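Shown next, in structure tokens, is the structure this report addresses.
The values are calculated or read from the model by the stated rules, or taken from the named source; none is laboratory data. All figures in this text were calculated on a predicted structure; none of them were measured in a lab. Positions of Cβ are backbone-derived with ideal geometry, glycine not excepted, and every protein chain shown enters the neighbour counts. Quick note on the areas: whole protein, heavy atoms, side chains included, nothing else; ligands and nucleic acids left out. Shrake-Rupley method; radii C 1.70, N 1.55, O 1.52, S 1.80 Å.
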Amino acid sequence: MRKFLGIVLLIIVLLAFLWSIHAGVVSNRSRIVMKVSEHANIQGREPITAKAYQRLLGVGIDVDWMSFNWVNHYYFQWRSRGVNVPEYFRREGFSNVRIRVSENVVTNKTALTQLGEVVNDTLKAGLVPVITYTAPELRANPTSKSAQEHFVQWWKTVAHYFKGYPYILSYDLLIESSGNVKNYPGVLNRVYSQTIREIRAVDPYRIVFVTPADVSSPFCLNELNVTNDGYTLVEWHIYAGGPKYCTYNEGYIEEAVSAVLNWSKRTGIPTWLGAWRPTVYPRISGRSPTPSCPVGLELAFSRAMVSALSKAGIPYDINADTRFFDIETLTWYPSEREVLEIILRYHPPRREQ
């Protein structure tokens, strides 16, 4: 009897051991499948719809790696040493980077190559790259035929260069409708239409953003003439330069969000707040200066913005990398640690897919 019980016990132990191996294999296989799925998603081998892309954006940051000479210098200096700068932003918790480009890539092929390297670095880091153009010619001279044609040609050049890139890469056509162009919604509609037509001829399913007039105001959305083709989003701004005079209005924030949600519901086009700044900074170049507004104001304003946008399910980017990250030393400014923690607490409501 004892021998029989011993055999039974041995069989039970053996079965338990085999089951643990099976469970481990299944669990490991699940993790592998999940990682493969996530990798495929960020690589964007299949077209991504506008609504799906909106969910991928999360919290991002505007970066000046291709717009400020001194930032560009340090970016590529570090790159030459094998450092992937975008990885610092991914590790900090950002989901996307809005890459602001000021160079004329139509004639400056070095700048176009550098932009390609920045996009590659961003993809390698697992971030969503969004290219946006500062368009100085169009913003200064919106009625100029040559400025309008240059804008279209700039994006046509970019579309051809990045043809075949993962669909996670997107194009935000205009950094902001500031300057003289803010009063020309008709010009914006015309150049957007022409530009999107050129991009679609090269890349039919690439995500494209357009922005309304009057400094990308959410209250000018109704002036936009944009077709909902399933791959177009709208990018808008409030408090892009921070709370003016160190004051802010929660009612204004709610009104802006409400206007955006109503417009989006009517048109079916998702939106994204492409730039807001936690506080006002002095206009100086170089390292991040001390904020002009009290820390308490900065924190309270950031909480109000994050709360309103999270409830609405609207992703956002903050303005900008040089205010939070010292690219010369590859370190985050300790003075901005608390506000960064608030900014990265974006928790949109769960929605049925």
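Taking the convex hull of the alpha carbon atoms in the range 43-148, what volume per residue do you get, in Å³?
Working: hull volume 13.8 nm³, N = 106.
Normalising the Cα hull of the range 43-148 by residue number yields 130 Å³.
Over the range 198-244, what number does the Rg to Rh ratio reach, with both radii from the alpha-carbon atoms and Rh per Kirkwood? It would help to have the intermediate numbers written out before the result.
Details: Rg = 13.0 Å, Rh = 12.1 Å.
Computed over Cα atoms, the ratio is 1.08.
Return the long-range amide H neighbours of Trp65 (sequence gap of 5 or more, or a different chain), with a cut-off of under 5 Å between placed amide H atoms.
Correct list: Arg100.
Give the span of the range 304-345's Cα atoms along each principal axis, as three whole-Å numbers ordered largest to smallest.
37, 16, 11
Can you give me the accessible area per residue for the range 184-282, using a 1.4 Å probe, in Å²? Working shown, then result.
On the way: 4010 Å² over 99 residues.
The answer is 41 Å² per residue.
Taking only Cα atoms of the range 96-237, what ratio of Rg to Rh do you get with Rh as the Kirkwood inverse-distance radius? List each step's numbers first, then the result.
Working: Rg = 14.2 Å, Rh = 15.1 Å.
Rg/Rh: 0.94.
Give me log10 I(q)/I(0) at q = 0.20, 0.21, 0.24, 0.30 Å⁻¹ for the range 92-146, Debye formula, one equal scatterer per alpha-carbon, no solvent.
-0.78, -0.83, -0.95, -1.17
With a 1.4 Å probe and all protein chains left in place, how much of the accessible area of the range 184-251 comes from carbon and sulfur atoms, in whole percent? Walk me through the numbers on the way to the answer.
Values: 1360 of 2850 Å².
Taking all protein chains in place, the range 184-251 shows 48 percent carbon and sulfur surface.
If you build the Cα gyration tensor of the range 169-318 and take the root of 5 times each eigenvalue, what three semi-axes come out, in whole angstrom, biggest first? Mind dumping the intermediate values first?
On the way: eigenvalues 165, 62, 39 Å².
For the range 169-318, the semi-axes come out at 29, 18, 14 Å.
Which three semi-axes in whole Å describe the equivalent ellipsoid of the range 117-163, each the square root of 5 times a Cα gyration tensor eigenvalue, listed largest first? Write down the numbers at each step before the final one.
Details: eigenvalues 150, 28, 7 Å².
They are 27, 12, 6 Å, listed largest first.
Show me the chymotrypsin sites (Phe, Trp or Tyr not before Pro) within the range 196-226 that DSSP assigns to loop and that have at most 11 other Cβ atoms within 10 Å of their Cβ.
Details: sites: Tyr205, Phe209, Phe219; in loops: Tyr205.
Sites meeting the loop and neighbour criteria: none at all.
How about Lys145: which aspartates and glutamates have a C-alpha closer than 12 Å to its C-alpha, ignoring those fewer than 8 places off in the same chain?
Output for Lys145: Glu137.
Please sort by residue number the trypsin sites (Lys or Arg not before Pro) in the range 88-173 whose DSSP state is loop and whose Cβ has at most 16 other Cβ atoms within 10 Å.
In loop regions of the range 88-173 (DSSP not H, G, I, E or B), the sparsely surrounded trypsin sites (Lys or Arg not before Pro) are Lys163.
Name the long-range amide H neighbours of Ser177: under 5 Å, sequence gap of 5 or more, or other chain; modelled H, no Pro or chain starts.
Those qualifying (amide H under 5 Å, at least 5 residues apart or on another chain) are Val215, Ser216.
DSSP loop GluC sites (Glu not before Pro) in the range 89-118 with at most 15 other Cβ atoms within 10 Å of their Cβ, which ones?
Details: sites: Glu92, Glu103, Glu117; in loops: Glu103.
Qualifying residues, ordered by number: none.
I'd like the carbon and sulfur percentage of the solvent accessible area for the range 300-347, probe radius 1.4 Å, heavy atoms only, ligands and nucleic acids excluded.
Values: 830 of 1660 Å².
Solvent-exposed carbon and sulfur of the range 300-347 make up 50 percent of the total.
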